[in-house]
Amino acid sequence: MKHEYEMSEADLLVILNACKPVRYMVAGGRVPRSPQENANDAWAGLGQKLGFDSTTVQPVSGKNDRFFTAKAAPRVYMDGDQHCAVMPDFINLQESPAGFGASPEAALVDLTAAIARAGA
């Protein structure tokens with residue numbers, strides 16, 4: 001499910017600056033990163049900051065450039081001796097799905113299963 005997000009003016013400037021063409025002269029056969037690569041990295045950084053999957057971003061029509069929708073990304077953190085994965089709207093273990101595992105990947109797999117069980 002996609003959620004609507006609003007980035008700050010400073011975050012928008014980071015995205016816009018990352019999209020600018022990079023002037024360069026090829027010397028030694030090394031080409032700098034493309035504006036697309038820079039923009040992808042800027043969106044990935046914003047995704048980590050706000051908790052969304054940067055590959056799912058879509059603009060919101062009728063609103064300014066600071067608004068967009070994206071799929072929420074799970075958060076993974078240590079809970080005792082296990083990794084715990086939850087979605088950004090996590091409330092508590094009684095009301096929200098959570099996944100646990102010995103590794104972050106195992107916790108994400110368990111979270112996916114918990115979400116499927118909750119939806120059934």
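What follows is calculated from the coordinates using simple rules that are stated; it is not laboratory data. The structure displayed is predicted, hence computed values, not measured ones. In this analysis, Cβ positions are derived from the backbone assuming ideal geometry, glycine residues included, and neighbour counts consider all displayed protein chains.
Observations on the model:
- Residue count for segment 2-29, restricted to those that are of a type in the set (A, V, I, L, M), closer than 13 Å to ALA42 by Cβ and not in a helix (DSSP H, G or I): 1
- The listed residues are LYS49, LYS71, and the only one of them that is in contact with a helix residue (DSSP H, G or I) (Cβ under 7 Å, 6 or more places away or on another chain), within 16 Å of GLU6 (Cα to Cα) and not in a loop (DSSP other than H, G, I, E, B) turns out to be LYS71.
- Hits in segment 101-115 - residues which are of a type outside the set (Ser, Thr, Tyr), in contact (Cβ under 8 Å) with a residue 12 or more places away in the chain and not in a strand (DSSP E or B): ALA102, PRO104, ALA106, ALA107, LEU108, ASP110, LEU111, ALA113, ALA114, ILE115
- Within segment 73-100, the set of residues being acidic (Asp, Glu) and either buried (at least 18 other Cβ atoms within 10 Å of the Cβ) or in contact (Cβ under 8 Å) with a residue 12 or more places away in the chain (or both) comprises ASP79, ASP89.
- One residue stands out in segment 56-68 among those that are of a type outside the set (Lys, Arg) and touching a residue at least 12 places away in the same chain (Cβ under 8 Å): the one that is nearest to MET1 (Cα to Cα), namely THR56.
- Residues of segment 78-95 classified as closer than 30 Å to LEU13 by Cβ and either assigned to a strand (DSSP E or B) or not aliphatic (A, V, I, L, M) (or both), total: 2
- Scanning segment 29-79 for residues that are out of contact with any Pro (no Cβ under 7 Å at 6 or more places or on another chain) and on the phi > 0 side of the Ramachandran plot returns GLY29, GLY62.
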